[in-house]
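The values are calculated or read from the model by the stated rules, or taken from the named source; none is laboratory data. Here the structure is a predicted model, which is why all the values come from computation and not from measurement. Because the Cβ atoms are built from the backbone with ideal geometry, glycine has one as well, and the counts that use them run over all protein chains shown.
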Amino acid sequence: MADTAMHSPAAYDVETVRGDFPILSRTMHGKPLAFLDSAASAQKPRAVIDTVRDVYEREYANVHRGLYEISEAVTDRYEGTRETIRDFIGAASTKEIVFTRNATESVNLVAHSFGRNFLEEGDEVVITELEHHANIVPWQMLRDEKGIVLKVAPITDDGELIMSAFEDLLGPRTKLVAVAHMSNVMGTILPVEDIIRRAHAVGAKVLIDGCQSVTHIPIDVQALGCDFFVFSGHKLYGPSGIGLLYGREELLDAMPPFMGGGDMISSVTFEKSTWARLPHKFEAGTPAIAQAIGLGAAIDYVNGLGLAAIGQHEADMLNYATQQLSSFDGLRIIGTAPNKASVVSFVLDYAHPHDIATIIDRAGVAVRAGHHCAQPLMDRMDVPATVRASIGLYTNKADIDALVGALGDVQEFFG
Amino acid sequence: MSDDLRELYQEVILDHGKHPRNFHACEDATNEARGNNPLCGDQLVIYLKMGEDGKVADASFVGKGCAISMASASMMTDLLKGRTAEEAQAMFDAFHKMCTGEEEDVDLGEEAEKLRVLSGVREFPTRVKCATLPWHTMVAALEGQDEISTE
């Protein structure tokens, strides 16, 4: 782990941090880049870029196969990343750390392997109104295939889960509760401890979609007690193409493989194959080797800054952004839960989000505009789309000032 | 502010965007199609009433979208009236070439010349579909399809 003493919370120096991200020094349309789209995908620190390059330049070979020095070395680095991730999320064993392409694949793995084999017609899966499509569609596909029942827990106008309504949905047929830890659209942080406790009380398993939370909140899967936890590397300042599934060992042990192929077998004959041990049983084919090692470097980088310090800085930026945007003429923030992080979605009553995004792009401001892969939530909040500004560990006040300034251009056209 | 933005958001477009013409459902439409842009969530429905003479007797739309798509639908429905299906298709072809920049000085025809205010989308590749969605939907309606999706 990196030296945390260099970055004590009081000394969080965002300008120094920004210096670690080469892309932040570029311009967009001739203006300094104000990158406010980290919730879609975060930028990469030099440490990650250098690590990936180092793998390819010095130590690349396939893993788990080669009987030569560089293959053994890269296998050690790849498997070492599993330990880095185990430590980062507090898992009991690296057997519980399964590499995937991204969180979407992780959810699909659970739907296919756990869902198809342990859920029966009439069994219930509970999700919430604020889920990303990645935590809706796989369950709909399972519903259509197996005849399970998909139940959706409602949220308030502020974007908070209505706990009493959630609890009302739980019953003897509830086999799985699959919820986001943090809303990708509104930033709401869900009370997952409470959710897990109540779900377990009726004997249901719990999957937490940690895509958004893992970059802001320290995670301890054992303390949470969740059964599955998923996230993507690219939102955590790591490469794209690498994601993670955490599953409790006894569950993963009981689950059949998701995909068949090389690397996931113990033995193969034309009559019968037997499976590799955990976690390799779920990792068919050559994995994203450099990307996994790059994710390890990203986690080392985040640990070096400290998630507590990062979280505090991001909370300061969120407060500043909320304050600046709230007073803007005709602007309405979508998602006003007291417990939220790093995301501010909004609409202007005189301009469509796409027009806003196009205009502020010309001022160097990168945001997401649209439905954010959460169309049911857009319907629930009664908006066709929103503009989403999301905050990362490198976001500074100048980024937010650039956003607010550029909204002035929008107002000039449309106001 | 950049010139290409001023080019994109001309007064005419802002006006059509804010006060779209023909913005209503049509109960006795002969042709009707829904258009979706799954990338951004824009949705609209185009209604056409074809007369016995084979010409568009009435055209209207409803939907939610950005200023570009609303303005494009508004101007398109205005221009469709009195045209045959072939003429509408030809107008679409010319408009499409203009938006994608495929043809620099495409001939839109005298009446449709006003569509040239939308040519600014050429400088904004991600917004071309906003301008063309109503047109793709109109063509789908003429061809008897219920729904189209732009990717």
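Remarks
Residue-by-condition table, conditions (1) within 24 Å of B:Gln10 (Cβ to Cβ); (2) modelled with pLDDT of 95 or more:
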{"position": "A:Ala321", "(1), (2)": "no, yes"}
{"position": "A:Ala337", "(1), (2)": "no, yes"}
{"position": "A:Tyr350", "(1), (2)": "yes, no"}
{"position": "A:Asp361", "(1), (2)": "yes, yes"}
{"position": "A:Asp399", "(1), (2)": "no, yes"}
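- Segments classed as strands (runs of 3 or more DSSP E), wholly inside the stretch A:228-318, with at least 2 members that are of a type in the set (A, V, I, L, M): A:243-247, A:265-268
- Scanning the stretch B:1-10 for residues that are surrounded by 14 or more Cβ atoms within 10 Å (Cβ to Cβ) and assigned to a helix (DSSP H, G or I), we see that the one that is farthest from the other protein chains (Cβ to nearest Cβ) is B:Glu7.
- Some residue of the stretch A:57-79 being part of a loop (DSSP other than H, G, I, E, B), of a type in the set (A, V, I, L, M) and free of Cβ contacts under 8 Å to residues at least 12 places away in the same chain: yes
- Qualifying residue in the stretch A:292-308 (condition: touching a residue at least 24 places away in the same chain (Cβ under 8 Å) and over 30 Å from A:Thr75 (Cα atoms)): yes
- Residues within the stretch A:255-268 that are free of Cβ contacts under 8 Å to residues at least 12 places away in the same chain and exposed (fewer than 13 other Cβ atoms within 10 Å of the Cβ), tallied: 3
- Selected residue (criterion: surrounded by the most Cβ atoms within 10 Å (Cβ to Cβ)) from residues of the stretch A:374-392 that are over 23 Å from B:Lys64 (Cα atoms) and in contact with an Asp or Glu (Cβ under 7 Å, 6 or more places away or on another chain): A:Ser390
- Some residue of the stretch A:358-373 being in contact (Cβ under 8 Å) with a residue 24 or more places away in the chain, surrounded by fewer than 23 Cβ atoms within 10 Å (Cβ to Cβ), touching a helix residue (DSSP H, G or I) at 6+ places or on another chain (Cβ under 9 Å) and away from every other protein chain (no Cβ under 14 Å): no
- Identification of strands (runs of 3 or more DSSP E) wholly contained in the stretch B:30-107 with 2 or more residues that are free of Cβ contacts under 8 Å to residues at least 60 places away in the same chain and surrounded by fewer than 18 Cβ atoms within 10 Å (Cβ to Cβ) yields B:56-64.
- Selected residue (criterion: nearest to B:Arg6 (Cα to Cα)) from residues of the stretch B:123-133 that are within 13 Å of chain A (Cβ to nearest Cβ) and buried (at least 18 other Cβ atoms within 10 Å of the Cβ): B:Phe124
- From the list A:Val152, A:Val179, A:Val107, the lone residue that is in the same structural domain as A:Gly203 (by TED's automatic domain parsing), touching an Asp or Glu at 6+ places or on another chain (Cβ under 9 Å) and closer than 30 Å to A:Thr75 by Cβ is A:Val107.
- Members of the stretch A:220-254 found to be more than 12 Å from the chain's Cα centre (by Cα) and buried (at least 18 other Cβ atoms within 10 Å of the Cβ), listed by number: A:Val221, A:Leu224, A:Cys226, A:Asp227, A:Phe228, A:Pro239, A:Gly241, A:Tyr246, A:Gly247, A:Arg248, A:Leu252
- Single residue of the stretch A:370-414 satisfying the filter (in a helix (DSSP H, G or I) and of a type in the set (Asp, Glu)) that is farthest from B:Leu8 (Cα to Cα): A:Asp379
- Test for A:Asp300: is it among the charged types (D, E, K, R), surrounded by fewer than 19 Cβ atoms within 10 Å (Cβ to Cβ), more than 25 Å from the chain's Cα centre (by Cα) and more than 14 Å from chain B (Cβ to nearest Cβ): no
- Here is the figure for the stretch A:56-87: residues that are of a type in the set (Ser, Thr, Tyr), loosely packed, with under 12 Cβ neighbours inside 10 Å and farther than 22 Å from A:Gly233 by Cα total 1.
- Extreme residue, farthest from A:Asp379 (Cα to Cα), among residues of the stretch B:21-45 that are more than 13 Å from chain A (Cβ to nearest Cβ) and hydrophobic (A, V, I, L, M, F, W, C): B:Ala29
- Qualifying residue in the stretch A:399-408 (condition: in contact with a Lys or Arg (Cβ under 7 Å, 6 or more places away or on another chain), more than 7 Å from every other protein chain (Cβ to nearest Cβ) and crowded, with 22+ Cβ neighbours inside 10 Å): no
- Residue count for the stretch B:11-20, restricted to those that are assigned to a loop (DSSP other than H, G, I, E, B) and either surrounded by fewer than 17 Cβ atoms within 10 Å (Cβ to Cβ) or at the interface with another protein chain (Cβ under 9 Å from one of its Cβ atoms) (or both): 1
- In the stretch A:19-48, the residue that is nearest to the chain's Cα centre (by Cα) out of those that are within 21 Å of A:Ala363 (Cβ to Cβ) and β-branched (Val, Ile, Thr) is A:Ile23.
- Complete set of residues in the stretch A:269-286 that are of a type in the set (Val, Ile, Thr) and free of Cβ contacts under 8 Å to residues at least 60 places away in the same chain: A:Thr269, A:Thr274
- Candidate set: the stretch A:79-104, residues that are of a type in the set (S, T, N, Q) and touching a Ser or Thr at 6+ places or on another chain (Cβ under 9 Å); chosen: the one nearest to A:Ser240 (Cα to Cα): A:Asn102
- Checking A:Pro172, A:Pro138 one by one, the residue that is surrounded by 20 or more Cβ atoms within 10 Å (Cβ to Cβ) and over 30 Å from A:Thr322 (Cβ atoms) is A:Pro138 and no other.
- Residue count for the stretch A:194-210 under the criterion of being within 12 Å of A:Ile127 (Cα to Cα) and part of a helix (DSSP H, G or I): the result is 2.
- Number of positions in the stretch A:375-391 that are more than 18 Å from A:Gln411 (Cβ to Cβ), more than 10 Å from chain B (Cβ to nearest Cβ) and hydrophobic (A, V, I, L, M, F, W, C): 3
- Leading residue by the ranking (nearest to A:Phe88 (Cα to Cα)) among those in the stretch A:313-354 that are within 19 Å of the chain's Cα centre (by Cα) and surrounded by fewer than 17 Cβ atoms within 10 Å (Cβ to Cβ): A:Ala315
- For A:Leu170, the test of being in contact with a Phe, Trp or Tyr (Cβ under 8 Å, 6 or more places away or on another chain) and more than 24 Å from A:Gly241 (Cα to Cα) is failed.
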